[in-house]
Amino acid sequence: MGLSKLNSLYREVILDHADHPHHKHALAESTNTITLKNPTCGDVINLEIKLTPDDKIADIGFTGDGCTISQSSASMMSDAVMGKSKEEALKMAKTFSDMAIGKEHPQADLDELQDAAILSNIMQFPARIKCATLSWWALQRALLEETDDTSEEES
């Protein structure tokens with residue numbers, strides 16, 4: 001597949017997740033919640049997670065507003081971590097954050113990210129890195145129960 005066709009496919013996947021986000025809803029019941037804002041562009045994500053007693057993600061939902069990249073990344077993130085253990089999801093959040101700033105990871109780690117791995121080229125657009133990583137930061141902080149103030153701003 002040519003580079004132009006590949007870029008077009010990636011764009012289509014991103015737009016599809018933004019136009020038809022998965023798991024974009026509030027949860028009736030959650031164990032971990034957080035709200036993060038990106039003051040640079042105004043993106044806001046309210047993330048809710050329901051963990052099972054053995055720390056598996058039984059349900060996940062997000063609400064909030066933001067650009068195409070932040071909304072599609074949140075959709076991709078929620079798909080990727082559904083059913084994962086807390087530890088697996090934290091590892092995935094670290095992999096995604098590292099990937100977004102250009103750090104290398106084994107292909108198996110990137111494959112775990114599912115559709116979110118296509119955002120690996122976001123590092124070419126430094127202003128968009130925060131947009132792409134906002135939901136992943138929220139995931140990490142919610143799972144680590146860093147929720148003392150639910151209106152935190154990421155810088």
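Would it be correct to say that SER70 is open to solvent by less than 40 Å² (accessible area, probe 1.4 Å), touching an Asp or Glu at 6+ places or on another chain (Cβ under 7 Å) and of a type in the set (Ser, Thr, Tyr)? It is true that SER70 is open to solvent by less than 40 Å² (accessible area, probe 1.4 Å), touching an Asp or Glu at 6+ places or on another chain (Cβ under 7 Å) and of a type in the set (Ser, Thr, Tyr). Evaluation of ASP65 against the conditions (1) touching a Gly at 6+ places or on another chain (Cβ under 8 Å); (2) buried (at least 16 other Cβ atoms within 10 Å of the Cβ) shows that the sole unmet condition is (2).
When you look at PHE62, is it within 18 Å of HIS23 (Cβ to Cβ) and not polar (S, T, N, Q), yes or no?
Values: within 18 Å of HIS23 (Cβ to Cβ): yes; not polar (S, T, N, Q): yes.
Against the criterion (within 18 Å of HIS23 (Cβ to Cβ) and not polar (S, T, N, Q)), PHE62 qualifies.
When we screen THR40, THR52, THR95, THR68 for residues that are within 16 Å of the chain's Cα centre (by Cα) and under 21 Å from GLU146 (Cβ atoms), the only hit is THR95. Residue count for the range 82-106 satisfying the condition of being open to solvent by less than 20 Å² (accessible area, probe 1.4 Å) and closer than 20 Å to HIS25 by Cα: 1. For the range 75-90, the set of residues classified as within 13 Å of the chain's Cα centre (by Cα) and either more than 14 Å from ALA142 (Cα to Cα) or among the polar types (S, T, N, Q) (or both) consists of SER75, MET76, SER78, ASP79, ALA80, MET82, listed by residue number.
Residue under question is LYS94, and the condition is that it be modelled with pLDDT of 90 or more and in a loop (DSSP other than H, G, I, E, B); does it hold? Reasoning before the result, please.
Working: modelled with pLDDT of 90 or more: yes; in a loop (DSSP other than H, G, I, E, B): no.
Against the criterion (modelled with pLDDT of 90 or more and in a loop (DSSP other than H, G, I, E, B)), LYS94 does not qualify.
Entry remark, the range 11-34: residues being open to solvent by less than 70 Å² (accessible area, probe 1.4 Å) and either touching a Lys or Arg at 6+ places or on another chain (Cβ under 7 Å) or more than 18 Å from GLY64 (Cβ to Cβ) (or both) number 4 in total. Of all residues in the range 107-120, those being more than 15 Å from the chain's Cα centre (by Cα), open to solvent by less than 80 Å² (accessible area, probe 1.4 Å) and over 20 Å from LYS86 (Cα atoms) number 0.
When we screen SER30, SER8 for residues that are polar (S, T, N, Q), at pLDDT below 95 and out of contact with any helix residue (DSSP H, G or I) (no Cβ under 7 Å at 6 or more places or on another chain), the only hit is SER8.
Yes/no matrix, rows are residues, columns are (1) in contact with a strand residue (DSSP E or B) (Cβ under 8 Å, 6 or more places away or on another chain); (2) open to solvent by 50 Å² or more (accessible area, probe 1.4 Å); (3) outside any strand (DSSP E or B):
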residue	(1), (2), (3)
LEU36	yes, no, no
GLU48	yes, no, no
ALA74	yes, no, yes
ALA80	no, no, yes
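The values are calculated or read from the model by the stated rules, or taken from the named source; none is laboratory data. Computed from a prediction, not measured in an experiment: that's the story for all the values here. Cβ: placed from backbone, ideal geometry, glycine included. Neighbour counts: every protein chain shown. Side chains are part of the model used for accessible areas, which takes the heavy atoms of the whole protein and leaves out ligands, DNA and RNA. Shrake-Rupley method; radii C 1.70, N 1.55, O 1.52, S 1.80 Å.
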